[in-house]
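The values are calculated or read from the model by the stated rules, or taken from the named source; none is laboratory data. Owing to the predicted nature of the structure, the values given are computational and were not obtained by experimental measurement. Note that each Cβ is placed from the backbone with ideal geometry, even for glycine, and that neighbours are counted across all protein chains shown.
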Amino acid sequence: MSNKRKGFWKRFDFTLFFTVILLGIYGLIVLSSATAGEGSMSYLKTQGIAFVLGLIAIAILVFIGYETFGKFYMVIYVFSNLLLIAVLFLGVEDKGAQSWIKLGSFSFQPSEFVKIGVIISVAKFIEKNHEKINQIFTLLKVLIFAFIPVGLILLQPDFGTAIVFVFFIFVMLFVAGIDWKYILYAAIAGIVSLPILWFSFDIYQKNRIFDFLDPSRDALGSGYQVIQSKIAIGSGQIFGMGLYNGNYTQFGFLPEKHTDFIFSVIGEELGLIGGLALIILYFIMMYRLIKIAKNSKDIYGSVMVVGIAAMMMFHILENIGMTMGLMPVTGIPLPFISNGGTFLLSNMICIGLVLSVGMKREGLSFSRDA
């Protein structure tokens, strides 16, 4: 084997790659149980195709290199915004938001791919303006650039997805070294805007907040999901009731069991052990993401990986938290586990970008005091 090939395999993060493989397999197994008797093979076929396409995407992205996308960041940014605009005119409604585009029998959620486009373009934009990031004009320019897609998502309206965007954008800005005073200003602005935000919510969104505070207030209505989810998770105890044997999962007492509440299936059928196994896999994945971000050769690669890590972390914490009643229900799926071809493929693409950054690592001296 040539030295060049040896160098390639030495730089490739096999730990991250195989962790993602295990997460994908774990998701397929749990999905097969969650959809048993409900056309399970149809779900598994779609998810399996997305998984294979994701593996192909990872291979392509590793060889293309993340720098290529940085060169075309404005094209990616414009295309991402055009996709979101198209959703406003051509989208179909689902769960209160017009966030899907349907082409015949095929449908996809553009915002999942737009997440990737925004992370790439904002990371490159931050790099280009990094030296002056704490000058008010430059910071405003970066914020406007980053939040135009967020505004388009709020018009759908898809508040849950918008929160994900806001979270990873602020984390990217944080690691880029914005001054603490701007963070304080943002926190104050957020608190002051809460009343305005509250009155802009639809009834179902307000009910989710009320149900978070007291699920029993409407046990047979808006609070039903969380109550059933908590009972299902609790009934699994340590070792679970076994795959295909969960009472709440198999007898239809658990709504959205294959998408937003799939962790409830894990809790009931695989118990505490199954839940901890998944969390350990997530921990390994997040650790590798942070390590790659730290060792990136440039600011663009580092901030991009941080954005991906922040997005994944928000999804994981919010999804698991809402199934246990620790977070409000937002309809945010669980990475690599929840059913959804678009979501799974976008997650795999993100991992491909991260692995590409890891291939070019040199060790970046990158602190918040920059």
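General remarks:
- Strands (runs of 3 or more DSSP E) completely within the range 37-123 that count 1 or more residues being in contact with a strand residue (DSSP E or B) (Cβ under 7 Å, 6 or more places away or on another chain) and β-branched (Val, Ile, Thr): 92-94, 97-103
- Residue within the range 162-179 that is farther than 30 Å from LYS291 by Cα, in a loop (DSSP other than H, G, I, E, B) and among the acidic types (Asp, Glu) present: no
- Here GLN228 passes the criteria (1) assigned to a helix (DSSP H, G or I); (2) among the polar types (S, T, N, Q); (3) surrounded by 14 or more Cβ atoms within 10 Å (Cβ to Cβ); (4) at pLDDT below 90 except the one numbered (4).
- Taking the range 246-284 as the range and being under 17 Å from the mean Cα position of the chain (by Cα), part of a helix (DSSP H, G or I), under 17 Å from ASN319 (Cα atoms) and in contact (Cβ under 8 Å) with a residue 60 or more places away in the chain as the test, the residues that pass are ILE262, PHE263, LEU278, LEU281, TYR282.
- Every listed requirement among (1) farther than 30 Å from SER40 by Cα; (2) at pLDDT below 95 is met by GLY246 save one, (1).
- Residue within the range 317-329 that is in contact (Cβ under 8 Å) with a residue 60 or more places away in the chain, under 30 Å from PHE170 (Cα atoms), outside any helix (DSSP H, G or I) and among the polar types (S, T, N, Q) present: no
- Failed item in (1) buried (at least 19 other Cβ atoms within 10 Å of the Cβ); (2) part of a loop (DSSP other than H, G, I, E, B); (3) not aromatic (Phe, Trp, Tyr), with LEU353 passing the rest: (2)
- Any hit, the range 232-245, residues being of a type in the set (Phe, Trp, Tyr) and in a helix (DSSP H, G or I): no
- Flag for ASP211 being acidic (Asp, Glu), surrounded by 21 or more Cβ atoms within 10 Å (Cβ to Cβ) and part of a loop (DSSP other than H, G, I, E, B): no
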